[in-house]
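Colleague: Attaching a single structure in structure tokens format; questions to follow.
The values are calculated or read from the model by the stated rules, or taken from the named source; none is laboratory data. Bear in mind the structure is a predicted one, so any value in this text is a computation, not a measurement. Quick reminder, even Gly has a Cβ in these numbers, built from the backbone with ideal geometry, and neighbours come from all protein chains shown. Accessible surface is based on the protein model in full, side chains and every heavy atom, while ligands, DNA and RNA are left aside. Shrake-Rupley method; radii C 1.70, N 1.55, O 1.52, S 1.80 Å.
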Amino acid sequence: MKKKLCLFVAIMVVVLAACLLLVGCAPNDGGSNGDETSKGNETVVYKTPQEFLNNFYIQKSNTIVYSMTTAGTTINSTIAMYENTFVVKNNDVVSTYYEYINNSLVKYRIRNDEVTTSTFTKEQLAEQIGEVSSDKYLNNIFVKFILIYDMDSQLQTYLDAVKNTNNFELKDGWYVGKVDTSAKSFSYKITEGQLEIKFTMDESTSVSFTLKNGAEKITIPENIKNSNN
């Protein structure tokens with residue numbers, strides 16, 4: 001099971017990175033696939049993954065939900081951020097908390113009722129997320145550090161598959177990778193407040209992956225935080 005979970009997380013890293021590379025790659029077929037989000041009297045329509053992510057990166061709370069089904073077994077995971085606090089859940093069970101405080105990221109890893117803590121400095125984080133503006137800093141930690149921490153980014157072939165504008169076509173509300181391209185395993189759509197991605201590994205393994213604007217407040221239990229003392 002542990003091996004399957006590691007494979008699952010690695011796949012999610014690849015899929016998310018692929019999404020991040022979808023800069024302007026979606027054809028503009030009007031607003032039917034756009035995300036209309038009201039901000040006061042202004043309605044913002046997101047027509048491409050990159051437009052959605054530009055908004056996603058400046059929110060104070062966000063959620064990423066994904067699941068993998070392989071050989072009839074489904075694994076579900078959720079990663080959420082609320083301001084400077086993050087939580088990772090596997091099948092609704094908390095496995096890790098993170099807290100960004102005093103220019104450092106503190107990780108609380110929970111396993112068999114034991115808590116292991118580790119701290120990453122701003123310099124260590126910068127090696128992974130690069131230099132970003134302050135309004136996008138925590139979101140970059142969320143997406144570019146927490147999601148891929150301890151993961152080996154391989155499978156560059158899949159990342160390259162989604163770069164070509166001509167690789168996708170609109171079908172039944174989804175942008176689907178054309179069968180004669182390297183993006184044939186990917187599809188995505190943007191609906192209200194969320195970006196959904198699907199990826200098929202083989203006939204028995206499929207992944208669904210959703211980025212959502214917003215998250216519930218995250219509170220780290222005192223006994224977890226005190227384990228760092």
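Colleague: Could you check region 112-149 and list, in sequence order, the residues that are within 17 Å of GLU99 (Cβ to Cβ) and either of a type in the set (D, E, K, R) or assigned to a loop (DSSP other than H, G, I, E, B) (or both)?
Modeller: Residues satisfying the conditions are LYS122, LEU147, TYR149.
Colleague: Quick check on this structure: which one of ASN213, ASN167 is among the polar types (S, T, N, Q), touching a helix residue (DSSP H, G or I) at 6+ places or on another chain (Cβ under 8 Å) and modelled with pLDDT of 85 or more?
Modeller: ASN213
Colleague: Does SER77 qualify as being surrounded by 19 or more Cβ atoms within 10 Å (Cβ to Cβ) and either in a strand (DSSP E or B) or in contact with a Leu (Cβ under 9 Å, 6 or more places away or on another chain) (or both)?
Modeller: When the stated conditions are applied, SER77 passes them.
Colleague: From the list GLU114, GLU51, GLU131, pick out the single residue that is out of contact with any Ser or Thr (no Cβ under 6 Å at 6 or more places or on another chain), under 22 Å from ILE190 (Cβ atoms), open to solvent by 70 Å² or more (accessible area, probe 1.4 Å) and acidic (Asp, Glu).
Modeller: GLU51
Colleague: For region 80-99, what are the residues that are open to solvent by 30 Å² or more (accessible area, probe 1.4 Å) and either of a type outside the set (Asp, Glu) or at pLDDT below 90 (or both)?
Modeller: Within region 80-99, TYR82, ASN84, LYS89, ASN90, ASN91, ASP92, VAL93, VAL94 meet the criteria.
Colleague: Where the second residue is of a type in the set (Asp, Glu) and open to solvent by less than 20 Å² (accessible area, probe 1.4 Å) and the first is assigned to a helix (DSSP H, G or I) and lies in region 47-60, which pairs have Cβ atoms under 9 Å and are six or more apart or on separate chains?
Modeller: GLU51/ASP35; PHE52/ASP35; ASN55/ASP35
Colleague: Considering only residues that are assigned to a loop (DSSP other than H, G, I, E, B) and without any contact (Cβ under 8 Å) to a residue 60 or more places away in the chain, which ones fall in region 188-218?
Modeller: Matches in region 188-218: GLU203 only.
Colleague: Kindly indicate the residue of region 134-164 that is among the small types (Gly, Ala, Ser) and at pLDDT below 85 and also least open to solvent (accessible area, probe 1.4 Å) among those meeting that condition.
Modeller: The extreme case among them is ALA161.
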